Amino acid sequence: MKNTIKTELIENFIKENNLSKSKFCKMCKISQSTLNKIMTKSENFKISTLFKITRVLKIQVFEMFN
């Protein structure tokens, strides 16, 4: 999955909703370290995490990929 996740979708959501990263993580029910892995384009996270994030973003999982 290297360099295929559209992290700008997450960044934009956080900015548009005036959220902190920790608040966003609580909404998604993920840890902040997991979010950091995704944002730094790490390959070490579960795909189920993307489902949690996309549920909050109100998009489909395939939209997270380039």
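If you take the residues of the range 26-65 that are aromatic (Phe, Trp, Tyr) and without any contact (Cβ under 8 Å) to a residue 24 or more places away in the chain, which of them is most open to solvent (accessible area, probe 1.4 Å)? Residue satisfying both the conditions and the ranking: Phe62. The set of residues from the range 12-25 being under 19 Å from Phe62 (Cα atoms) and surrounded by 13 or more Cβ atoms within 10 Å (Cβ to Cβ) comprises just one member, Phe13. Residues in the range 4-12 include at least one that is closer than 16 Å to Met64 by Cβ, more than 10 Å from the chain's Cα centre (by Cα) and outside any loop (DSSP other than H, G, I, E, B).
The values are calculated or read from the model by the stated rules, or taken from the named source; none is laboratory data. These numbers were taken from a predicted model, which means no experiment stands behind them. We place every Cβ from the backbone using ideal geometry, glycine too, and count neighbours over all the protein chains shown. Heavy atoms of the whole protein, side chains included, go into the accessibility calculation; ligands, DNA and RNA do not. Shrake-Rupley method; radii C 1.70, N 1.55, O 1.52, S 1.80 Å.
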